[in-house]
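Single-structure report; data block below.
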Amino acid sequence: MKNYTTVVGLDVHKKTVVAAVLPPGSDRVTERVTIENHRKAVEKLVRRLAAQGPVEFVYEAGPCGYELQRQMATMGQRCAVIAPALTPVRPGDRVKTDGRDAEKLARYHRAGELTEIRIPSMEEEAARDLVRTREDILSDRLRAKHRLSKFLLRQGIVYSGTKSWGVNYKLWLQGLQFQWQPLQQTFEAYVRAVEEAESRRETVDQQLSDLAQKEPYQTQVKYLSCLKGIDMLTALTLAVEAQEFGRFEKARGFMSYTGVVPAENSSGQRVRRGSITKAGNAHIRRVLVEAAWSYRRPSAISAAVSKRREGCPPEVIRIAQKAQNRLHRKFVRMVSQNKPNQVTAVAVARELGGFVWSIARHFPAVAA
C-alpha cells in the first residue's frame, strides 16, 4: 500500500457504517465517523474524502453483501472486501468496538496483511443464490419431517417398515386418523409442511436444470460431470461457488479454498497436524465430501457416467478416469489401514478437489 493513499476502514452494519480514516504517511487514525448505511450518506462521505486526495476503502465480507463495494466502484473509487476468517487477531486485544474494528482494518490493509476476496458479478451472485436456495429448502424439509415424526412418536405411533419417507411410508401416513380433531388438524398441518417443501424443491430443481443448460455454466457442468459422484447439481454448485477457477494458480490453492486441508500447529522440531481447517467455502466442501463417498465402490464406469462423458474432450475424460481409479484405491487403502470412514471420505474429497481444478483448466475462455 502506497503511503500517499488515504486508507478508510469500514465497519458495516445493517443501519450504520463506522469509518476510520488513516491519512497518508501516518500511523494514527485522524477521524472516526458514523454514518447511516444509506446510498446518499455513503456517497457524501466518499466524495468528501476523495476531494482530499487518493483514497481506498476496505471492509469485511458479511451479511450486508457487496452493495457498498459496487456503489463505490460506480463512483470510481477502489474498495477492497476482505475475508473475515483471515483477519489477524492479537491475543492480548480484549476490547472490541466498531471504531476499533474499522481502525484495525485500515492499519492491516495498509500493511498488506489482509486477504481480499473476489467480488462476484450480479449475474454470478444471482446464480449462486439460487443454488443456495435449494440447500435452504432441503433444510426446511428436513425440519418439517422431524416435526412430523416426533409428533407421531409422542402419540405412540411408530412406523414398522424399513425405509422412512418412501412410497409405502407415504401411503401409511395417508391412512392415519386421530380421534381428537385438534390432533388431526396438527397432523395435517405437519404433512402439508413436508409436501410444500417438496414442491418448492422440485420447482427449484427445474430452475437449476434450466440454468445448467445456459452458458457459461453449460460447458463447465458438462466437463465436471465426467467425474464419478458429480452429477448436474453438484457440478453446478462447484461452478457457481468457485466462479473463476483461474484465480487459483495451483490445485493446492483450490483445495485450501475448500477448507479440506489439515490444520497445522508446528514449532521447532515438533510437527503437529490436526483436523481440517474448514476455512473456506462450506458449500463446495459439502458437495466434495458427498461425492467422495461414491469412490468406496469398485472403480467401474456406470452407464450414467458414460452418458455424461459423451462429447467431452479426451483430456477431460482422461483426468476423470484417472481420478476414478486413484481415489478408489485411496479409499480402499485408508479403510484397510483402519482409518474411520469419515476421515477417509474427507481425505478423498481433498484430492477430488485437485481433480476438479485440473478439469477446470480446460474450460473454454469466457469473454468478460
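Within the range 88-107, the set of residues being farther than 29 Å from residue 40 by Cβ and not basic (Lys, Arg) comprises 88, 89, 91, 92, 93, 95. Taking residue 78, is it surrounded by 13 or more Cβ atoms within 10 Å (Cβ to Cβ) and charged (D, E, K, R)? Considered against the rule, which asks whether it is surrounded by 13 or more Cβ atoms within 10 Å (Cβ to Cβ) and charged (D, E, K, R), residue 78 comes out as yes. Scanning the range 222-237 for residues that are under 14 Å from residue 359 (Cβ atoms), of a type in the set (D, E, K, R) and assigned to a loop (DSSP other than H, G, I, E, B) returns a single hit, 228. Within the range 17-35, the residues that satisfy the criterion of being in contact (Cβ under 8 Å) with a residue 60 or more places away in the chain and either exposed (fewer than 15 other Cβ atoms within 10 Å of the Cβ) or not aliphatic (A, V, I, L, M) (or both) are 27, 32, 34. Contact map, the range 269-280: first residue in contact (Cβ under 8 Å) with a residue 40 or more places away in the chain, second residue in a loop (DSSP other than H, G, I, E, B) and of a type outside the set (Val, Ile, Thr), Cβ cut-off under 8 Å, separation 6 or more or different chains; pairs are 276/259; 279/259.
Name the single residue that is surrounded by the fewest Cβ atoms within 10 Å (Cβ to Cβ) among those in the range 241-280 being under 19 Å from residue 83 (Cβ atoms) and of a type in the set (Val, Ile, Thr). Among them, the one singled out is 277. Pairs are defined by a Cβ separation below 6 Å, a sequence spacing of at least 6 or placement on different chains, a first member in the range 149-175 that is more than 15 Å from residue 194 (Cβ to Cβ), and a second member that is loosely packed, with under 12 Cβ neighbours inside 10 Å; the pairs so defined are 168/161.
Output the residue which, of all residues in the range 278-305 that are among the hydroxyl-bearing types (Ser, Thr, Tyr) and at pLDDT 95 or above, is nearest to residue 213 (Cα to Cα).
The first filter runs over the range 278-305 and keeps only residues among the hydroxyl-bearing types (Ser, Thr, Tyr), leaving 294-295, 299, 302.
Now drop any that are not at pLDDT 95 or above, which leaves 294-295.
Details: 294: 25, 295: 27 Å.
Only one residue tops the list, namely 294.
Taken over the range 204-216, the criterion of being in a helix (DSSP H, G or I) and at pLDDT below 95 is satisfied by no residue. If we keep just the residues of the range 37-51 that are free of Cβ contacts under 8 Å to residues at least 12 places away in the same chain and not aliphatic (A, V, I, L, M), which is farthest from residue 66 (Cα to Cα)? Ranking the qualifying residues of the range 37-51, first place goes to 48. Within the range 81-96, residues that are in the same structural domain as residue 70 (by TED's automatic domain parsing) reach partners that are hydroxyl-bearing (Ser, Thr, Tyr) and in a loop (DSSP other than H, G, I, E, B) with beta carbons closer than 7 Å, at six or more positions or on different chains, in the pairs 81/66; 82/115; 83/115; 86/115. Among the residues examined, residue 305 qualifies as more than 16 Å from residue 357 (Cα to Cα) and of a type in the set (Val, Ile, Thr).
Among the residues of the range 35-42, is any among the acidic types (Asp, Glu), out of contact with any strand residue (DSSP E or B) (no Cβ under 6 Å at 6 or more places or on another chain) and part of a strand (DSSP E or B)?
There is at least one residue in the range 35-42 that is among the acidic types (Asp, Glu), out of contact with any strand residue (DSSP E or B) (no Cβ under 6 Å at 6 or more places or on another chain) and part of a strand (DSSP E or B).
The values are calculated or read from the model by the stated rules, or taken from the named source; none is laboratory data. Keep in mind it's a predicted model, so treat the numbers as computed, not measured. We place every Cβ from the backbone using ideal geometry, glycine too, and count neighbours over all the protein chains shown.
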